[in-house]
1. Give me the pairs, please: first residue somewhere in the stretch 39-56 and under 14 Å from Arg23 (Cα atoms), second residue anywhere and among the hydroxyl-bearing types (Ser, Thr, Tyr), beta-carbon distance under 9 Å, and either six or more positions apart or on two chains.
2. Got a number for residues in the stretch 29-44 being over 14 Å from Leu2 (Cα atoms), hydrophobic (A, V, I, L, M, F, W, C) and surrounded by fewer than 19 Cβ atoms within 10 Å (Cβ to Cβ)?
Amino acid sequence: MLDEHSTGWKVKRMGVVDRNILRIAVWEIMFNDDVPNMVAIDEALGLAKTLCDDDSPAFIHGLLSAVSADAGDVQVDDHPTDDSAQ
């Protein structure tokens with residue numbers, strides 16, 4: 001999901017903290033119906049503002065907004081392979 005929606009930055013190139021904030025938020029968007037998508041994005045932005053550099057919140061917001069917009073259209077495999085977990 002992250003690689004598909006990110007323009008110019010593949011997951012492997014992202015900072016470790018950015019990447020893990022994104023992974024948590026994408027999991028909440030895709031699999032946790034108890035958390036509204038906008039809340040997951042807002043929580044991720046709060047973490048990014050505290051833990052990341054100045055450019056990260058805008059990048060994370062844009063990427064998570066794109067993931068959220070497509071969340072209903074994506075078929076998700078419940079048992080990803082090692083390659084898809086990156």
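1. From residues that are under 14 Å from Arg23 (Cα atoms), the pairs are Ala40/Ser68; Ile41/Ser65; Ile41/Ser68; Ala48/Ser56.
2. Counting residues in the stretch 29-44 that are over 14 Å from Leu2 (Cα atoms), hydrophobic (A, V, I, L, M, F, W, C) and surrounded by fewer than 19 Cβ atoms within 10 Å (Cβ to Cβ) gives 4.
Listed here are the residues, each with its yes/no results for (1) of a type in the set (Lys, Arg); (2) open to solvent by less than 30 Å² (accessible area, probe 1.4 Å); (3) over 17 Å from Met1 (Cα atoms); (4) out of contact with any Phe, Trp or Tyr (no Cβ under 7 Å at 6 or more places or on another chain).
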position: Trp27; (1), (2), (3), (4): no, no, no, yes
position: Leu51; (1), (2), (3), (4): no, no, yes, yes
position: Pro57; (1), (2), (3), (4): no, yes, yes, yes
position: Leu63; (1), (2), (3), (4): no, yes, no, yes
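The values are calculated or read from the model by the stated rules, or taken from the named source; none is laboratory data. No experiment lies behind these values; they were computed from the predicted model shown. Ideal geometry is used to build each Cβ from the backbone, glycine not excepted, and the neighbour counts take in all protein chains shown. Accessible surface is based on the protein model in full, side chains and every heavy atom, while ligands, DNA and RNA are left aside. Shrake-Rupley method; radii C 1.70, N 1.55, O 1.52, S 1.80 Å.
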